[in-house]
Amino acid sequence: MKQRNSTLLSFSTTLLASGLSIAAISQPLAAETLTLNNGAPVGDNQNSKTAGSQGAVFLDDVHLIQKLQHFARERIPERVVHARGTGAHGVFVTDHAIPQLTRAALFSEAGKETPVFVRFSTVIHPKGSPETLRDPRGFATKFYTEEGNWDLVGNNLPVFFIRDAIKFPDMVHSLKPSPLSNLQDPNRFFDFFSHEPGATNMLTYVYQDLGTPASYREMDGFGVHAYKFINQAGQMNYVKFHWKSRQGIRSLTAKQAAEIQATNFNHLTQDLYQSIEAGNFPQWDLYVKILAPETFTQLDYNPLDATKIWPDIEEMKVGTMTLNRVPDNFFNYSEQAAFAPANLVPGIEPSEDRLLQGRIFSYADTQLYRLGVNHKQLPVNQPQNAVLSYNQEGFMNTNKVRSDINYQPNRNGVREDTKYRYHQQNLSGHSQQAAIDRTQNFKQAGELYRSLSSGEQTNLIGNLAGDLAQVRSAQTKHLILSYFYRADKDYGKRLTRAVNGDLAEVKTLAAQ
Ligand code: HEM
């Protein structure tokens, strides 16, 4: 309103100077008056300006033209994966300080509160797709810490399908609808996974009912990768993160998911919004697992392999997150949120995990395309502390630059502080293009299968068989079956029976 009044005032002053009366126009715009994007009031929002009753529409009907132009530009590219999602604001409270492990400011003292924004999502299906479909679920958290934003961009399952970023576009292509038919097709993704035995563990997670959560509130979250914790003394430990839902874990059977889909396929978004609006704030405890680098060689698996959990390592609780506010606009917050594993803070660094290394590049890169070079100036992405960088200009920049020093080194501007240098790692060896060591593709999948109740095993077999039975290639089908057989003989046999496979063939392939 202030702006409108002052515009009117300067216009009035001009009129006064010219001796004209302003009595008729000196009222400020009523708060409810519709305006154009330049703030000017709209006189008619029902009828275009035409040449009489039979004539054509005038091109100088600025209001009409602006409306049509803006409408045609409403959509931005949806995320290439995780397009369907919903977010909420909240707070993370540290209850166990860990300065001996990390210098990260948010973990420095008990009782410290850090605002957060969380976005939950499905992975493969597009923006308006049913929330009932089987998929891992994204669980991305942006911590607005005093030393910058830290994004923990995880999933509701503790492992991943692949271990090298170079396979991610291929995997996603196989899981997305066919470029010819636009239909998702198990023939395509099982073809891909038959070449990726390391996916057996993740497939055993996602084909449980965990792949169809009952609500976003009732699922855990995992950072999946190993990250590095660095303390003030520069000591490094590897760390994995785990959000444990205080609401417990509840999933849908395939039958329940189909029933819900028939009546309300937005149940996850609705449940989250309605719970928060009713004051029933969901909470998650954050746990960390720590692994000293010296112990790496003693393990029979590679701890930097995203297809593996770290079994037998105790978790330590460090704090609790509460989601307590629904964003007042879906597009501004959930859609324009830019989570990136590259958003790290002092004390938390990426490990050498090859999948994570690719993600460090990929998210920041896609967000330059999806949202533009200045997307970190949008309220949902803006750090709480001042951003003092000499990166400048670009589309849609709202930075208020007050100095002509935009270079470094300089005499009177800002400078780096060497205490924030990256952790230094000893290196030796040569460059290579080779698989990681200790791939151990099947052991954890077998342990996972045996840890399930008999009902959970039955649902897992039924869910997997539903998709695998559609695979026409006998070779693909039997290779996949041989992986589950190698994980656990009972698992492989039951699945082979469920899809009318040839057990002798499965055993032969498993032995190779
Ligand atoms: C090399 C492997 C991966 C690549 C290249 C990759 C790439 C991407 C890209 C390009 C996006 C869209 C980002 C945007 O437009 O804002 C995305 C979203 C996402 N990814 Fe990944 N991804 C990978 C693996 C993973 C893994 C292992 C996890 C879980 C630990 C994960 C979790 C997520 C989540 C939660 C989102 C949605 C974030 C949001 O809510 O905006 N991704 N991924």
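Looking across the stretch 327-349, the residues that are over 17 Å from the mean Cα position of the chain (by Cα) and either surrounded by fewer than 20 Cβ atoms within 10 Å (Cβ to Cβ) or more than 16 Å from the ligand (Cβ to nearest atom) (or both) come down to Asp328, Asn329, Val345, Pro346, Gly347, Glu349.
I'd like to know if the stretch 90-112 contains one or more residues that are within 13 Å of the ligand (Cβ to nearest atom) and closer than 30 Å to Lys419 by Cα. Step through it out loud before you land on a result.
Of the residues in the stretch 90-112, the ones within 13 Å of the ligand (Cβ to nearest atom) are none.
Among the residues of the stretch 90-112, not one is within 13 Å of the ligand (Cβ to nearest atom) and closer than 30 Å to Lys419 by Cα, which makes the answer no.
Scanning the stretch 481-507 for residues that are touching an Asp or Glu at 6+ places or on another chain (Cβ under 9 Å), assigned to a helix (DSSP H, G or I) and either of a type outside the set (Ser, Thr, Tyr) or surrounded by fewer than 19 Cβ atoms within 10 Å (Cβ to Cβ) (or both) yields Leu481, Ala487.
Working only within the stretch 350-363, note down all residues that are more than 9 Å from the ligand (Cβ to nearest atom) and over 21 Å from Asp437 (Cβ atoms). Matches in the stretch 350-363: Ile360 only.
Restricting attention to the stretch 316-339, which residues are part of a loop (DSSP other than H, G, I, E, B) and farther than 14 Å from Val116 by Cα?
Step one: filter the stretch 316-339 for residues part of a loop (DSSP other than H, G, I, E, B), giving 326-329, 336-339.
Across the stretch 316-339, the qualifying residues are Asp328, Asn329, Gln336.
The one condition from (1) β-branched (Val, Ile, Thr); (2) within 16 Å of Glu352 (Cα to Cα); (3) in contact (Cβ under 8 Å) with a residue 60 or more places away in the chain; (4) not in a loop (DSSP other than H, G, I, E, B) that Thr295 does not meet is (3).
Which residue out of Asp271, Asp285 is in contact (Cβ under 8 Å) with a residue 40 or more places away in the chain, away from the ligand (no atom under 15 Å from the Cβ), surrounded by 15 or more Cβ atoms within 10 Å (Cβ to Cβ) and part of a helix (DSSP H, G or I)? Just a single option satisfies the conditions, and that option is Asp271.
The rows are residues; the columns are (1) at pLDDT below 95; (2) not in a loop (DSSP other than H, G, I, E, B).
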position: Gly358; (1), (2): no, yes
position: Asp365; (1), (2): no, yes
position: Leu368; (1), (2): no, yes
position: Gln382; (1), (2): no, no
position: Gly394; (1), (2): no, no
position: Val401; (1), (2): yes, no
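Of the residues in the stretch 224-247, not one is at pLDDT 95 or above, more than 16 Å from the ligand (Cβ to nearest atom), touching a helix residue (DSSP H, G or I) at 6+ places or on another chain (Cβ under 8 Å) and in a loop (DSSP other than H, G, I, E, B). When each of Thr122, Thr33 is tested for being of a type in the set (S, T, N, Q), in contact with a Pro (Cβ under 9 Å, 6 or more places away or on another chain) and free of Cβ contacts under 8 Å to residues at least 40 places away in the same chain, the lone residue that passes is Thr33.
Scanning the stretch 114-123 for residues that are touching a Leu at 6+ places or on another chain (Cβ under 9 Å) and away from the ligand (no atom under 11 Å from the Cβ) turns up Thr114, Val116. Any residue that is in contact with a strand residue (DSSP E or B) (Cβ under 9 Å, 6 or more places away or on another chain), in the same structural domain as Leu157 (by TED's automatic domain parsing) and among the β-branched types (Val, Ile, Thr) - is there at least one of those in the stretch 54-64? No: zero hits.
Being among the charged types (D, E, K, R) and within 27 Å of the chain's Cα centre (by Cα) is the filter here; which residues of the stretch 40-83 pass it?
Within the stretch 40-83, the first condition is being among the charged types (D, E, K, R), and the residues that meet it are 44, 49, 60-61, 67, 73-75, 78-79.
Answer for the stretch 40-83, where residues must be among the charged types (D, E, K, R) and within 27 Å of the chain's Cα centre (by Cα): Arg73, Glu74, Arg75, Glu78, Arg79.
Of all residues in the stretch 127-169, which are surrounded by fewer than 18 Cβ atoms within 10 Å (Cβ to Cβ), away from the ligand (no atom under 11 Å from the Cβ) and either over 17 Å from the mean Cα position of the chain (by Cα) or without any contact (Cβ under 8 Å) to a residue 40 or more places away in the chain (or both)? Selection gives Pro130, Leu133, Glu146, Glu147, Gly148. State whether the residues of the stretch 372-391 include one that is closer than 30 Å to Gln208 by Cα and more than 25 Å from the chain's Cα centre (by Cα). No, the stretch 372-391 contains no residue that is closer than 30 Å to Gln208 by Cα and more than 25 Å from the chain's Cα centre (by Cα). Taken residue by residue, the stretch 70-93 has no member that is of a type in the set (S, T, N, Q) and either free of Cβ contacts under 8 Å to residues at least 40 places away in the same chain or in a loop (DSSP other than H, G, I, E, B) (or both).
The values are calculated or read from the model by the stated rules, or taken from the named source; none is laboratory data. Since this is a predicted model, take the numbers as computed values, not measurements. Because the Cβ atoms are built from the backbone with ideal geometry, glycine has one as well, and the counts that use them run over all protein chains shown.
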